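A short write-up of the structure that comes next.
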Amino acid sequence: MTQTRLQPGDLAPDFALPTDSGSTLALSDLRGERVILYAYPAAMTPGCTAQACDFRDSLDSLHARGYTVVGISPDPPAKLARFRQARGLTFPLVSDTERSVLTAYGAYGEKKSFGRTVTGILRSTFVIDADGRIEHALYRVRALGHVAKLRRDLGVDE
């Protein structure tokens, strides 16, 4: 299975997906803003919860540097709404149940899990500039410590 790997300078694939709040969010609606789009496998699992809470806790400093955070997973909107409520998340979560956007970003495909090759979500983060181009495409990131490393890489201080 050949997987797409986005590179800096690539045009970020546009999308219009349902959100946890019942609306639709399109990447094109965020033109003019710098966007951190992070892909995670499943809401309410330990690693995904830790990562989402790290983004939540870093949101003020990311916003201060001009970043908008959006989480994307294959979970249905109702599950995302429960996740947002349970964890007090203050950024949008979008639902890609068909995994088409995740695939376009290279965040869905083959991976190793407990020594086996499986197909699933590759925990990834994409930093998209105000013109809709990829600044950073980070694949197979770790749930714990990733937001702190991303903040350092982007020069975002507490």
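A short reminder: the numbers here are calculations on the coordinates, not readings from a lab. Not measured: the values here are computed from a predicted model. All Cβ positions, glycine included, derive from the backbone under ideal geometry; neighbour counts span all protein chains shown.
Annotations for the structure displayed:
- Selection from SER113, ALA52, LEU144 lying farthest towards where the dipole of the chain points positive, charges on Cβ: SER113
- In a simple Cβ point-charge model (Lys, Arg +1; Asp, Glu -1; nothing else charged), the chain has a dipole of about 660 debye relative to its Cα centre.
- Considering only the range 1-75, percent of DSSP beta bridges that pair antiparallel, nearest 5: 35
- Note: relative contact order over the chain, using C-alpha pairs below 8 Å and six or more positions apart, is 33 percent.
- Taking amide H as placed 1.01 Å from N in the peptide plane, the amide H of ASP20 sits under 5 Å from that of LEU93, each at least 5 places away or on another chain.
- Interchain or long-range residues, amide H under 5 Å from HIS136's placed H: VAL127
- Within the listed set ARG82, ARG116, ARG140, the residue fluctuating most in the Gaussian network model of the chain (springs between alpha-carbon atoms under 10 angstrom) is ARG116.
- Whole-Hz Karplus values for the range 95-102 come out as 9, 10, 4, 8, 6, 6, 6, 4 Hz, taken residue by residue from phi with 6.51 cos²θ - 1.76 cosθ + 1.60 and θ = phi - 60°; glycine and proline positions read x.
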